Amino acid sequence: MKIIDAVHVFFDYMRKDENDKIEEISPALSDMNLEIEKGSFVCVLGHNGSGKSTFAKMVNGLLLPREGSVYVADMDTADDELLIKIRETAGMVFQNPDNQIIGNIVEEDVAFGPENIGVPTAEIRDRVDEALEAVNMTKYKDRSPGKLSGGQKQRVAIAGVMAMKPECIILDEPTAMLDPKGRKDVIRTVRELNKRDGITIVLITHYMEEAVDADRVVVMDGGRVVMDGTPREIFSRVEELKALRLDVPQITELAYELRKAGMPVPCGILRKEELEEVIMELLFEGDKGSCDSTDTDGTEPDLGTDGTEPDLGTDRPEQDLDTDREDKSEGACQ
Amino acid sequence: MIRDITIGQYYPTDSVIHRLDPRVKLASTMLFLISLFLTESIVGYVFAGAALLAVIRISRIPFKYIVRGLKAVVILLFISVSFNLFLTPGEEIFRLGFLKVTREGLRTALYMAVRLIYLIIGSSLMTLTTTPNQLTDGLEKSLGFLNKVHVPVHEIAMMMSIALRFIPILIEETDKIMKAQMARGADFDTGNLMQRARAMVPILVPLFISAFRRAADLAQAMEARCYHGGAGRTKLKPLRYERRDYIAYLLVALYLVVMVVTRWL
Ligand SMILES: Nc1ncnc2c1ncn2[C@@H]1O[C@H](COP(=O)(O)OP(=O)(O)OP(=O)(O)O)[C@@H](O)[C@H]1O
Ligand SMILES: [Mg+2]
């Protein structure tokens, strides 16, 4: 079942002068199509100005399409009557934690959403407690948000959305202003909400590492979706991504460079462990190879008496591979 | 210095004062402020001071923390005291050049200083023990009748609450901008008044821009969380009078009686 469905969406930002005459038009979305399955974890990538934030605001009904429609759980965002219901269903977390926390006490902020939709007092209490528990912030419930770290503030913001009992959360670069620790906490929280509570997550980010564990990666450019697939599929297409001015995760980049240098490393490596495994395998093979072809110092490095450097056997065979297998390297994965 | 402003900040501890209904605290603060102008006698001021001290003790807010809040208004205090000191006509005690100090002047200046200090401590005590949300809830509820004459009470209350929340953020930002400009060679501490005022421009412009951007972001975040005005809103902590609130009202009434009596002492 799909929770978000954007159909042929067009949107322009317009600057008008005092007389309502249009001074400037900057197109933000042009023919954007995207369906998101309920319960999935989707990562949206794209360089600056590709329309990610504009799309996010469409889902929440903060912006309305000039042409086309956006449906959230089959509700049309253009329908005024449904707006509150839509915002309840699809919550939103923004980049700057300071500018989205309304309450002066953590739990009062979390209660803001339920209060707006008229949830009875006793139930607000339950929802607030539950939401704070879900993001692991219960012990900060009486604190002033100003005194929390960036990552904690973002988790409060997520709790504020969770208290609305949403089916879907859209996060627009929630980690952009955080330190590595805060970033990790926020991403872990989001992933938990997805796995444990089945909340659909749409994560907009510039950090490729955050996309690795997504179910699906969507790449935007020029206001439309240009790539769409599993992280492995998307990150296999390194050249294409680079053309879109995007990076790939560091490990993928390393694997890519290794392959370019001639090592038979498969495409779309996403995690450190995978690359390690591949290299270990190659190493093992490489060791045998060097045994057969060259003198013994490769296999028994601790001897090191004949003047050659006593390599520890980890980088040495890699060098061997580098030179030995150049001709066997596979073509680009694209 | 700018960080020392404690007015409008909330000090989270648990005390009876913290738990009082915000309407009680609002009314009491108002009555306390009025009472300062009811009395003219030393006894009255001593009594008011004692009452204030007692409330501070009960509120479990460190005395030092409250006094620190006074530092921010020292200049204001100084100006109003000197005006009273030098400009009140009456029986002369001594003169410094063309400035003469009168008995009446000394008296009013002293009273003025005490009143101002009490006033500031009293009102910061209210904000220190009441979360801005409670405070605005209190205002909204006590002034709810104004809705009938089309005063947007909820909206005003919401604006106040948000303003209070952003005071520390904007103060921090001012600090940051000042440091950034100082690193570029800006000088805020020397020169005459005009020069100093002009030096503030490079602080105010970025501050305003950032404040507007924050406001836009915040409005969007509020909308995203289904905010659509006061209609149909419920509360996590709805206001309800408890026994302690009635007791507090009673104590405030007693205090007022004593203050009125001291008028004739
Ligand atoms: N408020 C606005 N007024 C005018 N133009 C805007 C406004 N917001 C965005 N745009 C323009 O719309 C386009 C899409 O912007 P959008 O913010 O959606 O991009 P983005 O993918 O979120 O970028 P970023 O990665 O920088 O957040 C850009 O060309 C941008 O210049
Ligand atoms: Mg953006």
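A few points about this structure:
- Surrounding net charge for residue A:69, when Lys and Arg each add one and Asp and Glu each subtract one, Cβ distance under 12 Å: -4
- Rounded to two decimals, the Cα-based Rg/Rh of the stretch B:64-212, with Kirkwood Rh, is 1.09.
- Cα-based equivalent ellipsoid of the stretch A:41-161: semi-axis lengths in Å, sorted from largest, via gyration tensor: 27, 19, 11
- The C-alpha atoms of chain A define a longest principal axis, and helix A:150-162 lies at about 50 degrees to it.
- Computed from backbone phi with θ = phi - 60° and the Karplus coefficients 6.51, -1.76 and 1.60, the 3J(HN,Hα) list for the stretch A:133-148 is 5, 4, 9, 6, 10, 4, 6, 9, 5, 9, 7, 8, x, x, 9, 9 Hz; x is used for glycine and proline.
- Peptide A:107-113 - average C-beta neighbours from other chains (10 Å radius): 5
- Entry note: the stretch A:1-98 has Rg to Rh equal to 0.99, where both radii use alpha-carbon atoms and Rh is the Kirkwood radius.
- In order along the stretch B:147-152, the Karplus-derived 3J(HN,Hα) couplings, from 6.51 cos²θ - 1.76 cosθ + 1.60 at θ = phi - 60°, round to 3, 5, 9, 6, 8, x Hz, and Gly and Pro are given as x.
- Burial ordering of A:175, B:127, fewest other beta-carbon atoms within 10 Å first: B:127, A:175
- Neighbour net charge for residue A:250 - beta-carbon separation under 12 angstrom, K R +1, D E -1: -2
- Other-chain or far-sequence residues with amide H under 5 Å of residue A:66's (modelled H): A:10, A:11, A:12
- Computed [θ] at 222 nm, deg cm²/dmol, chain A (DSSP H ≥ 4; -39,500 (n - 2.57); rounded to nearest 500): -11500 deg cm²/dmol
- Per-selection metrics, chain B (Cα): Rg and Dmax in Å: 22.2, 66
- Checking every one of the trypsin sites (Lys or Arg not before Pro) in the stretch B:108-184 against DSSP loop status and a limit of 10 other Cβ atoms within 10 Å picks out B:184.
- Judged by the gyration tensor of its Cα atoms, with axes a ≥ b ≥ c, the stretch A:127-266 is prolate; a/c meets the 1.5 cut and a/b is the larger of a/b and b/c.
- Under 5 Å, built H, 5+ apart or other chain: amide partners of residue A:4: A:36, A:73
- For the protein assembly as shown, with +1 on Lys and Arg beta carbons and -1 on Asp and Glu, the positive-most of A:100, B:150, A:53 along the dipole: B:150
- Length released on extending from residue A:31 to residue A:142, taking residue separation times 0.36 nm less the Cα-Cα span: 35.4 nm
- Longest to shortest principal axis, alpha-carbon extents of the stretch B:41-92, angstrom: 43, 28, 10
- In this structure, residue B:95 and residue A:177 have a Cβ-Cβ separation that, at R0 = 60 Å, corresponds to a calculated FRET efficiency of about 0.50.
- Normalised Debye scattering of the stretch B:132-233 at q = 0.14, 0.18, 0.19 Å⁻¹ gives log10 I(q)/I(0) of -0.71, -0.91, -0.96, counting only Cα atoms as equal scatterers and leaving out solvent.
- Sorted by Cβ density within 10 Å, fewest first, the residues B:125, B:33, A:83: B:33, A:83, B:125
- Of the chymotrypsin sites (Phe, Trp or Tyr not before Pro) found in the stretch B:1-102, those in coil by DSSP whose Cβ has at most 16 other Cβ atoms within 10 Å are B:37, B:98.
- Environment charge at residue B:219 (Cβ cut-off 15 Å; Lys +1, Arg +1, Asp -1, Glu -1): +2
- Chain A: angle of helix A:250-260 to the longest principal axis, Cα-based, in degrees nearest 10: 40
- For the stretch B:6-114, applying the loop criterion from DSSP together with a ceiling of 12 other beta carbons within 10 Å to the GluC sites (Glu not before Pro) yields B:91.
- Remark: spin-label model distance residue B:87-residue A:261 equals 8.0 nm, labels positioned 7 Å along the Cα→Cβ axis.
- For the pair the stretch A:215-283 and the stretch A:104-145, the centres of their Cα atoms are 40 angstrom apart.
- Shape call, the protein assembly as shown: gyration tensor on alpha carbons, a/c limit 1.5: prolate
- Among B:16, B:201, the ranking by other beta carbons within 10 Å of each residue's beta carbon, starting with the fewest, stands as B:201, B:16.
- Per-selection Rg to Rh, the stretch A:2-229 - Cα, Kirkwood hydrodynamic radius: 0.97
Values quoted throughout were computed directly from the atomic coordinates according to the rules given, and no laboratory measurement underlies them. Note that the coordinates shown come from a computational prediction; the quantities given were computed from them, not determined experimentally. With ideal geometry, Cβ positions are generated from the backbone for all residues, glycine too; neighbour counts draw on all protein chains shown.
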